[in-house]
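S.K.: One structure is given below, represented as structure tokens, and several questions about it will come after.
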Amino acid sequence: MIIKWLGHASFLLESSGIKLVMDPFNAEIGYQPCKEKVDIVTVSHEHWDHNAVDTLSGNPKVVREPGITTIDGINILGISSYHDKKQGRERGNNTIFKISSEDLDILHLGDLGHILTDQQLKEIGNVDILLVPVGGTYTVDAEAAYEIVEQLQPKIIIPMHFLTPDVVLKELAPVEAFTAKFPRVIKKPFLEISKEALISETRIIVLDYPR
């Protein structure tokens with residue numbers, strides 16, 4: 001399996017010849033939109049910087065709602081959550097997506113705005129790779145993101161939705177506010193991983209984005 005960070009909260013996952021994009025954005029956010037032909041797309045919520053399905057090529061199948069979906073051998077579990085700490089009264093709902101393929105469980109938190117509840121943790125179950133927002137303002141901040149990591153105990157943590165030189169949302173915090181909480185941080189252009197390559201020690205990996 002290969003996971004590439006496209007910028008902001010968007011990732012491209014390639015598994016068994018299938019390409020899945022999470023939370024696509026349009027060019028206004030400051031990053032380059034995905035140029036790959038896509039088979040599946042997940043949308044955590046209907047904000048412009050997360051739902052730009054029309055920018056993708058390949059006529060992908062779109063998953064927007066909570067529930068269980070299987071497409072091309074990839075299992076997708078959508079879990080209801082909120083974009084804020086006030087049960088959606090400020091920014092609405094958010095769907096967490098757990099994507100299972102090649103015996104790996106990847107959890108994309110979207111624009112989660114709160115610590116996970118016991119019920120959500122029960123629904124989520126095992127997490128091998130966690131894609132977690134850390135920039136605050138619109139999502140959980142570094143402190144809350146760290147608490148979520150402690151709740152989920154993933155093997156690999158990949159931060160997203162933080163300040164970079166290219167993103168237009170300058171109110172976001174830099175990734176270092178989160179990564180400073182860990183003794184070692186790995187930087188990679190992308191992640192290529194298998195179930196056999198997972199180790200017991202938690203790893204935090206910061207991916208680069210296309211420029």
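The values are calculated or read from the model by the stated rules, or taken from the named source; none is laboratory data. These figures come from a predicted structure and were not determined experimentally. Glycine also receives a Cβ, built like all others from the backbone with ideal geometry; neighbour counts cover every protein chain displayed.
S.K.: Identify the single condition in (1) part of a helix (DSSP H, G or I); (2) surrounded by 16 or more Cβ atoms within 10 Å (Cβ to Cβ); (3) of a type outside the set (Phe, Trp, Tyr) that ILE205 does not satisfy, given that it satisfies every other one.
M.R.: Result: ILE205 passes all but (1).
S.K.: Give GLU171, GLU143, GLU176, GLU102 a once-over and let me know the one that is farther than 23 Å from ILE2 by Cβ and in contact with a Ser or Thr (Cβ under 6 Å, 6 or more places away or on another chain).
M.R.: On the way: GLU143 fails: in contact with a Ser or Thr (Cβ under 6 Å, 6 or more places away or on another chain); GLU176 fails: in contact with a Ser or Thr (Cβ under 6 Å, 6 or more places away or on another chain); GLU102 fails: farther than 23 Å from ILE2 by Cβ.
None of the other options fit; the residue is GLU171.
S.K.: Now, a different point. Is one or more of the residues making up the range 25-39 under 23 Å from ASP128 (Cβ atoms) and of a type in the set (Ser, Thr, Tyr)?
M.R.: No, every residue in the range 25-39 fails to be under 23 Å from ASP128 (Cβ atoms) and of a type in the set (Ser, Thr, Tyr).
S.K.: Let me ask something else. Please work out which one of (1) closer than 24 Å to GLN32 by Cβ; (2) surrounded by fewer than 20 Cβ atoms within 10 Å (Cβ to Cβ); (3) modelled with pLDDT under 95 is the condition GLU176 fails and give its number.
M.R.: So the condition that GLU176 fails would be (3).
S.K.: Ok, one more. Return the residue satisfying two criteria in turn: it lies in the range 25-81 and is among the small types (Gly, Ala, Ser) and closer than 13 Å to SER10 by Cβ, and of such residues it is surrounded by the fewest Cβ atoms within 10 Å (Cβ to Cβ). Before the answer, list the steps.
M.R.: Taking the range 25-81 and keeping what is among the small types (Gly, Ala, Ser), we get 27, 30, 44, 52, 57-58, 67, 73, 78, 80-81.
In the following step, the residues that additionally are closer than 13 Å to SER10 by Cβ were identified as 27, 30, 44, 52.
Values: ALA27: 10, GLY30: 16, SER44: 25, ALA52: 22.
Taking the candidates together, the pick is ALA27.
S.K.: With the requirement that a residue be hydrophobic (A, V, I, L, M, F, W, C) and more than 17 Å from ARG64 (Cα to Cα), what does the range 107-123 give you?
M.R.: ILE115, LEU116, LEU121
S.K.: In this structure, is VAL127 assigned to a loop (DSSP other than H, G, I, E, B) and either within 18 Å of VAL41 (Cα to Cα) or touching a strand residue (DSSP E or B) at 6+ places or on another chain (Cβ under 8 Å) (or both)?
M.R.: yes
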